[in-house]
Amino acid sequence: MNFLDSDLRWNKIGTTVAGVTGQRGNTSDKLRTPGGLCIDWSNTLYIADIANNRVQKYARDALFGETVAGDPTGISGSASNLLNQPFSVDVDLDSNLYVTDSLNYRVQLWNRGASNGITVAGITGLLSFIEVFLLYKIGVLLGSPGSTLHQLTGAYGISLDLANNVMYVGDSGEHRVTSYRIGITNGTIVAGGNGLGMNNNQLYHPYGIHFDEISNSVFIANHAINNVVRWVVNASSWTLAAGDLNGTSGNTSNRLNLPLDVTLDPMGNLYVPDHSNHRIQFFYDGESNGTTIVGTTGIYGSNASLLYYPVSIAFDSQLNLYVTEYYNHRVQKFRRY
């Protein structure tokens with residue numbers, strides 16, 4: 001039986017569920033270049049509102065968002081109540097929020113209802129004088145990028161392994177994925193870390209990531225070389241999941257163009273926001289040719305059937321598909337038949 005044709009299809013006409021199409025802003029009904037999104041057990045939507053330096057929460061069918069991390073007016077900063085271009089979000093079973101705070105080189109945990117975040121990965125200035133002095137002596141600069149296991153250079157993707165209390169972070173600037181046992185700020189490199197490159201033991205600006213508990217693997221949007229790879233945690237190399245093995249971009253069914261995120265459905269099939277092709281690609285588990293399920297290849301626009309630089313995707317409990325669009329400043333919902 002063909003899964004896509006018989007069991008899971010989406011209406012290709014989307015409905016805007018967050019933001020106002022083509023209008024950027026910092027009011028509660030608007031977004032400005034939204035990035036990563038996630039959906040919790042109650043079908044509440046969380047959106048990294050990148051250029052507004054905040055995370056917006058939309059309850060199901062809500063017309064207005066609520067700021068749950070960062071400043072509601074869009075002010076950036078490095079204090080514990082501020083963010084600087086948050087890129088991705090994930091939530092645990094208690095709806096506590098984890099945010100990759102990209103230009104602060106850290107990951108912040110915002111406990112449900114909290115007005116301040118807690119740094120759970122990366123180095124920030126929220127340390128004692130003695131800690132600052134000791135870190136300075138060993139060459140670690142506070143609030144700046146770095147390659148030590150205390151630091152992040154480009155915190156973009158995030159995915160939680162709730163069963164094992166582990167957080168995976170896509171450190172784009174260091175071309176690696178690092179794991180952090182929640183509560184411990186020392187990371188462990190689980191993928192990449194061998195410099196930028198196209199070899200199967202390297203990554204090249206990884207962005208969105210998805211941890212798959214069944215295969216104990218991290219699926220990685222290998223942004224700069226136009227593919228998605230699967231890296232078994234702590235293995236020495238990856239296997240190709242989608243896109244071209246040699247990193248060539250394209251708009252055919254087996255090529256991608258600067259993908260920014262990846263997710264899986266419960267059956268293990270793969271979904272990719274094919275950013276610069278303005279489409280969402282579906283790949284059966286193990287298949288190299290994708291099917292466009294949302295958008296039109298190579299055509300961008302602002303009507304309900306087109307996308308304009310899609311960034312991130314997520315499913316609700318009914319497997320309806322949600323897509324953030326960078327330049328349409330909105331989130332679109334595509335209903336499952």
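The values are calculated or read from the model by the stated rules, or taken from the named source; none is laboratory data. This structure is a prediction, so every number in the text was calculated from the model and none was measured. Cβ atoms come from the backbone with ideal geometry, glycine included; neighbour counts cover every protein chain shown.
Side notes on the structure shown:
- A search for C-beta distances below 8 Å between a residue of region 242-257 that is on the phi > 0 side of the Ramachandran plot and touching a residue at least 40 places away in the same chain (Cβ under 8 Å) and any residue that is part of a loop (DSSP other than H, G, I, E, B) and surrounded by 18 or more Cβ atoms within 10 Å (Cβ to Cβ), counting only pairs 6+ apart in sequence or on different chains, returns Gly247/Tyr204; Gly247/Asn226.
- Residue tally, condition in contact (Cβ under 8 Å) with a residue 40 or more places away in the chain and more than 13 Å from Asn227 (Cα to Cα), over region 270-294: 6
- Evaluated against (1) within 22 Å of Ile220 (Cβ to Cβ); (2) crowded, with 18+ Cβ neighbours inside 10 Å, Ser288 falls short on exactly one condition, (2).
Each row is one residue, and each column tells you yes or no for (1) over 18 Å from Ala242 (Cβ atoms); (2) in contact with an Asp or Glu (Cβ under 7 Å, 6 or more places away or on another chain).
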position	(1), (2)
Asn277	no, no
Tyr284	no, no
Glu287	no, no
Gly301	yes, no
Ala304	yes, no
Leu319	yes, yes
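- Subset of region 35-71 [of a type in the set (Asp, Glu) and within 18 Å of the chain's Cα centre (by Cα)]: Asp40, Asp49
- For region 255-285, residues that are exposed (fewer than 15 other Cβ atoms within 10 Å of the Cβ) and more than 23 Å from Ile158 (Cβ to Cβ) total 2.
- Screening Arg32 against (1) out of contact with any helix residue (DSSP H, G or I) (no Cβ under 9 Å at 6 or more places or on another chain); (2) under 29 Å from Phe282 (Cα atoms) leaves a single unmet condition, (1).
- Within region 143-169, the set of residues being in contact (Cβ under 8 Å) with a residue 60 or more places away in the chain and in contact with a Gly (Cβ under 8 Å, 6 or more places away or on another chain) comprises Gly143, Ala155, Tyr156, Gly157, Ile158, Val169.
- In the set Leu83, Leu93, Leu45, only one residue is surrounded by 15 or more Cβ atoms within 10 Å (Cβ to Cβ) and closer than 28 Å to Thr188 by Cβ; that residue is Leu83.
- Only residues that are touching a Lys or Arg at 6+ places or on another chain (Cβ under 6 Å) and at positive phi were counted in region 47-72, giving 1.
- Test: residue in region 25-42 that is more than 29 Å from Thr148 (Cα to Cα), part of a strand (DSSP E or B), acidic (Asp, Glu) and modelled with pLDDT of 95 or more: no
- Looking only at region 300-337, and only at residues there that are more than 16 Å from the chain's Cα centre (by Cα) and aromatic (Phe, Trp, Tyr), the one that is surrounded by the fewest Cβ atoms within 10 Å (Cβ to Cβ): Tyr337
- Selected residue (criterion: farthest from Ile39 (Cα to Cα)) from residues of region 91-106 that are in contact (Cβ under 8 Å) with a residue 24 or more places away in the chain, out of contact with any Ser or Thr (no Cβ under 6 Å at 6 or more places or on another chain) and not hydrophobic (A, V, I, L, M, F, W, C): Tyr105
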